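Chemist: Below is one structure. I have some questions about it.
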Amino acid sequence: MNDAQPVSWSTPVAGLLAVTGGGILLVVAAILANDGPSRLLVGVAAVAVLATATLGLRQRPRLTMFPGSAPRLVVGTLTGPKEYPLDRIDRIRMVSYRRIGRKTAMLEVDVRHEDTERLLIFGRWDLGTNPHDVYDALVVNGFASVTSD
């Protein structure tokens with residue numbers, strides 16, 4: 001697959017719009033609250049929900065694969081996209097974590113960023129699809145070996 005088109009994965013726009021709508025409803029609820037403690041707690045929740053939506057929008061696309069002659073991954077971060085060529089990617093694997101009483105699949109990417117090592121973890125919310133599908137696409141394009149935990 002030389003010079004193939006890039007493939008991106010992101011949090012779905014509909015999900016981000018729903019979170020934004022929930023944040024706006026919380027702002028209205030905070031304004032309409034009758035007492036100070038309620039106003040404070042609902043206001044803090046509104047800020048947290050709106051911050052989550054802003055973060056999701058700022059990081060779009062969350063993960064982009066550029067296969068071809070110069071393969072690389074680009075990760076959307078709060079400070080902007082970070083590029084990792086194939087020689088700076090140490091490992092990509094699938095893992096499962098227990099969250100809220102059930103197993104949740106996560107895509108782990110070990111990279112060398114400047115002079116440090118970083119572990120990047122992506123879930124369904126980040127990628128907008130099943131992390132197994134993303135892992136399979138990365139394997140097919142030579143980014144990962146076919147081992148998973």
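The values are calculated or read from the model by the stated rules, or taken from the named source; none is laboratory data. Remember, predicted model here, so these are calculated numbers, not experimental data. Note that each Cβ is placed from the backbone with ideal geometry, even for glycine, and that neighbours are counted across all protein chains shown. All accessible areas refer to the heavy atoms of the entire protein, side chains included, with ligands and DNA or RNA removed. Shrake-Rupley method; radii C 1.70, N 1.55, O 1.52, S 1.80 Å.
Chemist: Any residue in region 84-94 that is within 12 Å of the chain's Cα centre (by Cα), within 27 Å of Ala14 (Cβ to Cβ) and crowded, with 17+ Cβ neighbours inside 10 Å?
Modeler: no
Chemist: Being of a type in the set (A, V, I, L, M, F, W, C), assigned to a helix (DSSP H, G or I) and crowded, with 16+ Cβ neighbours inside 10 Å is the requirement here; does Val28 meet it?
Modeler: Numbers: of a type in the set (A, V, I, L, M, F, W, C): yes; assigned to a helix (DSSP H, G or I): yes; crowded, with 16+ Cβ neighbours inside 10 Å: no.
No; evaluated as a whole, the condition is false for this residue.
Chemist: A further question follows. Does at least one position in region 77-100 carry a residue that is of a type in the set (D, E, K, R) and out of contact with any strand residue (DSSP E or B) (no Cβ under 8 Å at 6 or more places or on another chain)? Spell out how you get there, then give the answer.
Modeler: In the first step, residues of region 77-100 are kept if they are of a type in the set (D, E, K, R); the result is 82-83, 87-88, 90-91, 93, 98-99.
Now restrict to residues that are out of contact with any strand residue (DSSP E or B) (no Cβ under 8 Å at 6 or more places or on another chain): 87, 99.
Yes, the conditions are met somewhere in region 77-100.
Chemist: Have a look at Val47, Val42 and point out the one that is free of Cβ contacts under 8 Å to residues at least 60 places away in the same chain and either open to solvent by 60 Å² or more (accessible area, probe 1.4 Å) or within 16 Å of Asp126 (Cα to Cα) (or both).
Modeler: Checking each option against the conditions leaves just Val47.
Chemist: Return the only residue of Val49, Val42, Val74, Val134 being at pLDDT 95 or above and assigned to a strand (DSSP E or B). Full working, then the answer.
Modeler: Details: Val49 fails: assigned to a strand (DSSP E or B); Val42 fails: assigned to a strand (DSSP E or B); Val134 fails: assigned to a strand (DSSP E or B).
Every option except Val74 fails the conditions.
Chemist: Another question about this same structure. If I ask for residues that are surrounded by fewer than 20 Cβ atoms within 10 Å (Cβ to Cβ) and not basic (Lys, Arg), which ones from region 72-83 would you list? Steps first, answer last, please.
Modeler: If we filter region 72-83 for residues that are surrounded by fewer than 20 Cβ atoms within 10 Å (Cβ to Cβ), which is where we start, we get 72, 74, 77-83.
Result: Val74, Thr77, Leu78, Thr79, Gly80, Pro81, Glu83.
Chemist: Something else now. Has region 108-125 got at least one residue that is surrounded by fewer than 17 Cβ atoms within 10 Å (Cβ to Cβ), within 16 Å of the chain's Cα centre (by Cα) and in contact (Cβ under 8 Å) with a residue 24 or more places away in the chain?
Modeler: yes
Chemist: Let me ask another. What residue, of Thr79, Thr64, Thr104, Thr54, is part of a strand (DSSP E or B) and either touching an Asp or Glu at 6+ places or on another chain (Cβ under 6 Å) or free of Cβ contacts under 8 Å to residues at least 40 places away in the same chain (or both)? Spell out how you get there, then give the answer.
Modeler: Working: Thr79 fails: part of a strand (DSSP E or B); Thr64 fails: either touching an Asp or Glu at 6+ places or on another chain (Cβ under 6 Å) or free of Cβ contacts under 8 Å to residues at least 40 places away in the same chain (or both); Thr54 fails: part of a strand (DSSP E or B).
The conditions single out Thr104.
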